[in-house]
Amino acid sequence: MEFLTTSEAADYLRLGERKLYELVTTGAIPCSKVTGKWLFPRHELDLWVLSGLARPAGMLIAEPPPVVGGSRDELLDWSLRESGSGLGSMSEGSARGLERLQRNEVMAAAVHFHALDAEGNLAGDASVEALRGAPDLHDAVLVAFVRREAGLVLPHGNPKHLHGLTDVLATGARMATRQQGTGAQMLLDVLLKRAGASTRDLRRIETPALTGPDLAELVRAGQADCGIATRGAARSAGLDFVPLVWENFDLAMRQRSYFRPAMQTLLRFLNERRLRQRAEELTGYDPSPAGLIRFAA
């Protein structure tokens, strides 16, 4: 993230320093005081300017509904309620959430994309690349929510002694999967590809689970021996868990939505101690990046 000093920010915005200080004093401009000096995140200044963009009547863009689509997450659902943002949720998976964001059907999409790089390793930031390649999202912003632990969800006691996908493939364990387009299914696909296998090599149960908790319930009920979900989903269902990766779990939105009151209420909440405490209670979360802008188009 690039920070500007007071004089640099004034030049960048083509404002006098006195006017800039007035905006700082009234809390009307994004800034941060560090060791007695004001600093201005450049991306935040861009979003602040664009949030006040005036358009002719014929160019009015319908506001999206106050809904966060995309992937489901227990900590996110809790945050939407506890923050008082008034934002609802619609859990359909990362890819569907991004599609709805492009069609202006949601205010934000919770995403965790996965892919392999040219060397066959997990790509460093597949979610950023997904936003870069999304049509009609030239004004996209990606805000970090948390990093979270994903892996194998297993029955209590791990009766089949599964410690990774190699064991799942070797033993023919029944695996619950998610629908295509979800981050968990993308993760399974890339991990299998890295192991020289595919979903055809798995003994999959017939019906894909709609959410991580749904998948955990299939394992808890004995209908599957394992599946890919988060540590939080495993813990809530009283199941065992074998960690495989830490993943970025982010909120994608348009720049004009970033400064909407409902979204700002949620984003301010991400810096509160209550979020960190809840993340620790649920386990499998790292909330340290919460609220950081990881990408702005």
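In this structure His138 has an accessible area near 150 Å², from a 1.4 Å probe over the protein heavy atoms. Across segment 190-297, the relative contact order, built from alpha-carbon pairs under 8 Å that are at least six residues apart, equals 18 percent.
If you sort the three axes of the alpha carbon gyration tensor as a ≥ b ≥ c, you get a/c of 1.5 or more for the chain and a/b above b/c, which makes it prolate.
Each residue of segment 191-196 was assigned a 3J(HN,Hα) from its phi angle through the Karplus curve 6.51 cos²θ - 1.76 cosθ + 1.60 (θ = phi - 60°); the sequence is 5, 5, 4, 5, 8, x Hz, with glycine and proline shown as x. Across Thr5, Thr35, Thr177, the residue with the most accessible area heads the list, and the full order at a 1.4 Å probe is Thr35, Thr5, Thr177. Amide H contacts under 5 Å for Gly69: Met90, Met107, Ala108, Ala109, Ala110, restricted to partners 5 or more places along the chain or on a different chain, H placed in the peptide plane at 1.01 Å from N. Note on Arg273 and Leu23: their simple-model spin labels are 3.3 nm apart, each label 7 Å out from Cα toward Cβ. Rounded, prolate or oblate for segment 67-158? Axes are the square roots of the Cα gyration tensor eigenvalues, ordered a ≥ b ≥ c, and the cut-off for rounded is a/c under 1.5. The shape class here is oblate. For segment 3-52, relative contact order (Cα pairs under 8 Å, six or more residues apart, normalised by length) works out to 40 percent.
Contact order for the chain, expressed relative to its length and based on alpha carbon pairs under 8 Å spaced 6+ residues apart, stands at 24 percent. On the chain, 49 percent of the accessible area sits on carbon and sulfur atoms, based on a 1.4 Å probe. On a per residue basis, the chain carries 48 Å² of accessible surface, using protein heavy atoms and a 1.4 Å probe. The GluC sites (Glu not before Pro) of segment 117-165 meeting both criteria, a DSSP state outside H, G, I, E and B (loop) and at most 16 other C-beta atoms within 10 angstrom of the site's C-beta, are Glu119.
Which one, His156, Tyr258, Leu292, projects farthest toward the positive side of the charge dipole computed for the chain from Cβ point charges (K/R +1, D/E -1)? The listed residue farthest towards the positive side: Tyr258.
In the chain, a dipole from Cβ-located charges (positive for Lys and Arg, negative for Asp and Glu) runs towards its positive end, and of Tyr21, Phe40, Leu4 it is Tyr21 whose Cα lies farthest in that direction. Taken one residue at a time, the phi angles of segment 130-138 give Karplus couplings (6.51, -1.76, 1.60, θ = phi - 60°) of 5, 5, 4, x, 7, x, 6, 10, 5 Hz. Gly and Pro are set to x. Mean-square fluctuations from a GNM of the chain, with a 10 angstrom spring cutoff on Cα atoms, peak among Arg254, Arg178, Arg132 at Arg132. Karplus-derived 3J(HN,Hα) values for segment 179-186, using 6.51 cos²θ - 1.76 cosθ + 1.60 with θ = phi - 60°, are 5, 4, x, 8, x, 5, 6, 4 Hz; glycine and proline are entered as x. Heavy-atom accessible area for Glu74, with the other protein chains in place and a 1.4 Å probe, reaches approximately 60 Å². Remark: the chain carries a charge dipole of roughly 360 debye about the Cα centre, counting +1 on each Lys and Arg Cβ and -1 on each Asp and Glu Cβ. Peptides 66-73, 111-118, ordered by how many other C-beta atoms sit within 10 Å of their residues on average, highest first, read 66-73, 111-118.
The values are calculated or read from the model by the stated rules, or taken from the named source; none is laboratory data. Small disclaimer: the values here were computed from a predicted structure and weren't measured. Virtual Cβ from ideal backbone geometry, glycine too; neighbours counted across all protein chains shown. Accessible surface is based on the protein model in full, side chains and every heavy atom, while ligands, DNA and RNA are left aside. Shrake-Rupley method; radii C 1.70, N 1.55, O 1.52, S 1.80 Å.
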